[in-house]
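Right, one structure below, let's go through it.
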Amino acid sequence: MNELILAVDTTHEFGSLALLRGTDTMEEVLLHAPEGFGQVLFGRIGQLLERHGCNISDVDCFAATSGPGSFTGVRIGLACVKGLAEATGKPVVAVSNLRAMAAFGSAGLRAVVLDARRGEVYGAVYDAQGAQVRAETVMPFSAWLATLPDGEIEFVASDFAPFAAALGGTRFACLPVTTAPRALAAAVGRIACAELRAGNVADPAAVDANYVRRSDAELFWKEY
């Protein structure tokens, strides 16, 4: 199969776009939009498609990160792909960015952690197949550590430095840490391809965000 997949990640200040043929990445573009993605996203998508001789109607599936992250960023990315999918009659796959980060791990269990500000983290545990072992949650890092399962496990984070000191004297002190890249769109696209082939796609109207934290977080969020 040779599906054309367009994937978008706008959950943080550093976002990304990717165009894939099946699971093969044609191009991944890192975006930096400190003022937000609303005014740049469609233009950059158009440029990406044009570079590869594609039209928006050629896309077989649209994918976007569904959160957690910046509430405004999550909404912009999802609204973008939902609108494009609605206009072209194509399906949408929403992918947690924690799940996308887990794809960069190599252990049997991947404990993914992301700074949620306000003294808390977003965290979840995935296995090597991308299945969720511990549900996505938001809580203080030390409390999250207490929920982690036994077994072959590694931490996956975009920046683990703020959490490293808290591991001292715990059973996690010597566990490996994998750094996930800023650009997640290609990983999102590969996950979306697998979901598309498995029939796990959604009507655009049914796709929703996964904020994890309640919506008042937008008042306190400081993006990367």
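Observations on the model:
Rundown of residues vs (1) at pLDDT 95 or above; (2) open to solvent by 50 Å² or more (accessible area, probe 1.4 Å); (3) of a type outside the set (S, T, N, Q); (4) touching a Leu at 6+ places or on another chain (Cβ under 6 Å), yes/no style:
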| position | (1), (2), (3), (4) |
| --- | --- |
| Arg110 | yes, no, yes, no |
| Tyr122 | yes, no, yes, yes |
| Gly169 | no, yes, yes, no |
| Ala180 | yes, no, yes, no |
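- All positions within segment 136-160 that are open to solvent by 40 Å² or more (accessible area, probe 1.4 Å) and either in contact (Cβ under 8 Å) with a residue 24 or more places away in the chain or farther than 26 Å from Phe14 by Cβ (or both): Ser142, Ala143, Ala146, Thr147, Asp150, Gly151, Glu152, Ser158, Asp159
- Hits in segment 85-108 (condition: of a type in the set (Gly, Ala, Ser), farther than 13 Å from Asp203 by Cβ and crowded, with 22+ Cβ neighbours inside 10 Å): Ser96, Ala100, Ala102, Gly105
- Count of residues meeting criterion [among the aliphatic types (A, V, I, L, M) and either without any contact (Cβ under 8 Å) to a residue 12 or more places away in the chain or under 28 Å from Ala116 (Cα atoms) (or both)] in segment 46-70: 2
- When segment 71-113 is filtered for residues that are among the polar types (S, T, N, Q), touching a residue at least 40 places away in the same chain (Cβ under 8 Å) and over 16 Å from Val8 (Cα atoms), only Ser106 remains.
- Here Leu31 clears all of (1) within 16 Å of the chain's Cα centre (by Cα); (2) surrounded by fewer than 22 Cβ atoms within 10 Å (Cβ to Cβ); (3) touching a residue at least 24 places away in the same chain (Cβ under 8 Å) except the condition numbered (3).
- Residues being assigned to a helix (DSSP H, G or I) and open to solvent by less than 40 Å² (accessible area, probe 1.4 Å) - total across segment 39-82: 12
- Scanning segment 1-38 for residues being farther than 15 Å from Val81 by Cβ, not in a strand (DSSP E or B) and not acidic (Asp, Glu) gives a total of 8.
- Checking the stated criteria, Asp9 turns out to be open to solvent by less than 10 Å² (accessible area, probe 1.4 Å), charged (D, E, K, R) and closer than 30 Å to Val125 by Cβ.
- Within segment 180-201, no residue that is under 10 Å from Leu20 (Cβ atoms) and without any contact (Cβ under 8 Å) to a residue 60 or more places away in the chain sits with its Cβ atom under 8 Å from a residue that is hydroxyl-bearing (Ser, Thr, Tyr) and open to solvent by 10 Å² or more (accessible area, probe 1.4 Å) at 6+ positions apart or across chains.
The values are calculated or read from the model by the stated rules, or taken from the named source; none is laboratory data. Everything numeric here is computed off the predicted structure, so don't read it as measured data. Positions of Cβ are backbone-derived with ideal geometry, glycine not excepted, and every protein chain shown enters the neighbour counts. What goes into the accessible areas is simple: the full protein's heavy atoms, side chains included, and nothing from ligands, DNA or RNA. Shrake-Rupley method; radii C 1.70, N 1.55, O 1.52, S 1.80 Å.
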